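The values are calculated or read from the model by the stated rules, or taken from the named source; none is laboratory data. Quantities reported herein were computed from a predicted structural model and do not represent experimental measurements. With ideal geometry, Cβ positions are generated from the backbone for all residues, glycine too; neighbour counts draw on all protein chains shown. Quick note on the areas: whole protein, heavy atoms, side chains included, nothing else; ligands and nucleic acids left out. Shrake-Rupley method; radii C 1.70, N 1.55, O 1.52, S 1.80 Å.
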Amino acid sequence: MVAAGADIVHFDVMDNHFVPNLTVGPLVCEAIRPLTEAPIDVHLMIEPVDRIVPDFAKAGANIISFHPEASPHIDRTIGLIRDNGCRPGLVFNPATPLSYLDWTLDKIDLVLIMSVNPGFGGQQFIPGALDKLREARKRIDASGRDVWLEVDGGVKVDNIADIAKAGADTLVAGSAIFGSGDYKATIDAMRAELSKI
Ligand code: ZN
């Protein structure tokens, strides 16, 4: 993926409890780490969160993000991720309010807006995510902090420009790339769309 032009590795961790699917854990992250210089962006869709944070930090994660619904002590989890040498991020499901940012935006480095309900690849982008991105962008700009605004779910060549215009600066694409015959051509086409903005 990085050879095909991606800037970061987005690593989806699902537990068949917080989300209805099961993927990979720290051992696979550890196996990927020596293969790339790119940042590894670990998206935890698991509950509980805290126990596994040090394992992913040791496995080479650069960013660790989690869903606020999955941690009873959000501020503590953010601090735990930071204390383990990683950048903390907060993830917002389609129905999760951005009010979680009221008391966290000064402590996190990533806001991840889900544009599908997490659990499966290949889902359609939920249009309401664009309004949420615009609102998140306003909050981040007002904070004056350097916080990435990432979007995850249903990102494709034909909607990537609208998503970036809504304020996203970090774009996760899974099936749009992996389902295409030519990873590099698809990433090039996405970059070409972004360059038109
Ligand atoms: Zn993800």
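Provide the net charge surrounding Arg145, with neighbours chosen by a C-beta distance below 9 Å and charges set as Lys +1, Arg +1, Asp -1, Glu -1.
Working: positive: none; negative: Asp106, Asp109, Asp146.
Surrounding charge for Arg145 is -3.
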Accessible surface of segment 99-158, 1.4 Å probe, proportion on carbon and sulfur as whole %: 54 percent
Computing the accessible area with a 1.4 Å probe over protein heavy atoms, can you report the carbon and sulfur percentage for segment 1-89? 56 percent
Set the bar at 30 Å for Cα to Cα. Now go through Lys58/Lys107; Lys58/Lys138; Lys58/Lys165; Lys107/Lys132; Lys132/Lys156 and name every pair that lies beyond it. Lys58/Lys138; Lys58/Lys165
Here the gain from full extension of Leu35 to Ser195, 0.36 nm per residue of separation minus their alpha-carbon distance, amounts to 54.7 nm
In a Gaussian network model over the chain where Cα atoms closer than 10 Å are linked, find which of Ala95, Ala57, Ala166 has the largest mean-square fluctuation. Ala95
Rounded to the nearest 500, the 222 nm mean residue ellipticity computed for the chain from DSSP H runs (n ≥ 4, each -39500 (n - 2.57)) alone is -9000 deg cm²/dmol
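What relative contact order, as a whole-number percentage, does the chain give when Cα pairs under 8 Å and 6 or more residues apart are counted? List each step's numbers first, then the result.
Values: 361 pairs, mean separation 30.8, N = 197.
Over the chain, the number comes to 16 percent.
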Over the chain, average the accessible area per residue using a 1.4 Å probe and give it in Å², no decimals. 48 Å²
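Give me the number: length gained by fully extending Gln124 to Thr104, i.e. 0.36 nm times residue separation minus the C-alpha to C-alpha distance, one decimal in nm. Mind showing how you got there, number by number?
Numbers: separation 20, 0.36 × 20 = 7.20 nm, distance 2.91 nm.
Here the segment from Gln124 to Thr104 would lengthen by 4.3 nm.
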With the label point 7 Å along the Cα-to-beta-carbon line of Val2 and a cut-off under 20 Å to each amide N, the hits in segment 182-197 are 183-188, 191
Gain in span if fully extended, Lys58 to Lys138, counting 0.36 nm per residue against the direct Cα distance: 25.4 nm
